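Presented below is the structure to which this report refers.
The values are calculated or read from the model by the stated rules, or taken from the named source; none is laboratory data. For clarity, every value in this text was computed on a predicted model and none was experimentally measured. Cβ atoms come from the backbone with ideal geometry, glycine included; neighbour counts cover every protein chain shown. SASA here: full protein model, heavy atoms, side chains in, ligands and nucleic acids out. Shrake-Rupley method; radii C 1.70, N 1.55, O 1.52, S 1.80 Å.
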Amino acid sequence: MARQGQEAVAVPSLGGVGRERFLRDIYPQRKPVVLKGMELGSCITKWTVDYLSQAEGSKEVKIHVSAVPQMDFLSKNFVYRTLPFNEFVRRAAEVKHKEYFLSEDEKYYLRSVGEDARKDVADIRKQFPVLADDVQIPEYFDKEQFFSSVFRISSAGLQLWTHYDVMDNFLIQVTGRKRVVLYSPQDVPYLYLSGTKSEVLDVDNPNFEKYPLFVKAKRYECYLAAGDVLFIPALWFHNVISEEFGVAVNVFWKHLPAECYDKSDTYGNKDPMVASRAIQILDRALKTLEELPEEYRDFYARRMVSRIQEKAYRNDYG
């Protein structure tokens, strides 16, 4: 697929990677990689639409519904609705709907949450226990590092907003096919952030008049088939396109010591507490600079940027 102004670098794929090799050779590199041929359990063959519907029955789930394929968390171009799980699965697998909320070609997305989303993290073993028995999650990290296991179902054609997470994760593609576009943490100046999310939603046809710096971002890309596992290191931006109706499980684990993370964070997307404090201090400093005339404000802002680069930037990115 042609891209406007950006050539894609293929994310490497590796087969036969056990825990020891992953931790020794891959994990320290802090770069995405697709792991193939991993033992993931019977879910790869069992999770048909009929089986999913029967396995968890009519329990109610809260879902995202969008009239357009590109779902945007910043503009909130979707609505939340509740459906029985078996009804949701049936609709998500359809292309055209006889029953719908917004339009006959609306898109559906389930991102599982804890019993109380404000207090509990997602755990497939608790929210979808029958299906959890079918999944063999790769135990490539210590149990005390485990944060959450997120069950996801997407309609064909659905595209999720570009964002980063503060924890490492495995994206386990159980059924269907996905395309994932990623950007390195070092390209954050070009991604027009609002919180943890990029304003650039259409990464295939970006608006360079509105986002001129985006052309400088180095694009990485991979395709995930059923049974593939994508390692996404913390802080790597990713934009996920479901090319087919698909089911996935995300497993997040803590890369930093537990005390670094906000204890109220149930989604794994709040910046580490030290980083949040640093940003607050910077915001106060910038507010203080507003007291100066423009010429002085520009001069001292540039000095601040130079000091940050000198003290905090890495110089060993490959």
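Data table
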{"item": "Unmet requirement for GLN145, which otherwise passes all of (1) buried (at least 18 other Cβ atoms within 10 Å of the Cβ); (2) within 22 Å of the chain's Cα centre (by Cα)", "result": "(1)"}
{"item": "Tabulated pairs, the stretch 224-253, first without any contact (Cβ under 8 Å) to a residue 12 or more places away in the chain, second open to solvent by less than 10 Å² (accessible area, probe 1.4 Å), C-beta under 9 angstrom, 6+ apart or interchain", "result": "none"}
{"item": "The listed residue being touching a Gly at 6+ places or on another chain (Cβ under 7 Å) and open to solvent by less than 50 Å² (accessible area, probe 1.4 Å), out of VAL135, VAL89, VAL61", "result": "VAL135"}
{"item": "Residues located in the stretch 36-45, provided they are surrounded by 15 or more Cβ atoms within 10 Å (Cβ to Cβ) and part of a helix (DSSP H, G or I)", "result": "CYS43, ILE44"}
{"item": "Residue check, ALA248 surrounded by 12 or more Cβ atoms within 10 Å (Cβ to Cβ) and assigned to a helix (DSSP H, G or I)", "result": "no"}
{"item": "Unmet requirement for TYR108, which otherwise passes all of (1) over 29 Å from ILE26 (Cβ atoms); (2) hydroxyl-bearing (Ser, Thr, Tyr); (3) open to solvent by 20 Å² or more (accessible area, probe 1.4 Å)", "result": "(3)"}
{"item": "Residues that are part of a loop (DSSP other than H, G, I, E, B) and buried (at least 16 other Cβ atoms within 10 Å of the Cβ), drawn from the stretch 251-268", "result": "LYS254, HIS255, TYR261, ASP265, THR266, TYR267, GLY268"}
{"item": "Residue match in the stretch 222-245 (condition: farther than 26 Å from LEU23 by Cα, open to solvent by less than 10 Å² (accessible area, probe 1.4 Å), out of contact with any Lys or Arg (no Cβ under 6 Å at 6 or more places or on another chain) and of a type in the set (A, V, I, L, M, F, W, C))", "result": "no"}
{"item": "Residue match in the stretch 175-196 (condition: open to solvent by 10 Å² or more (accessible area, probe 1.4 Å), under 21 Å from ARG19 (Cα atoms), in contact (Cβ under 8 Å) with a residue 24 or more places away in the chain and assigned to a strand (DSSP E or B))", "result": "no"}
{"item": "Evaluation of ALA55 against (1) open to solvent by 70 Å² or more (accessible area, probe 1.4 Å); (2) farther than 21 Å from GLY157 by Cα (one fails), failing number", "result": "(1)"}
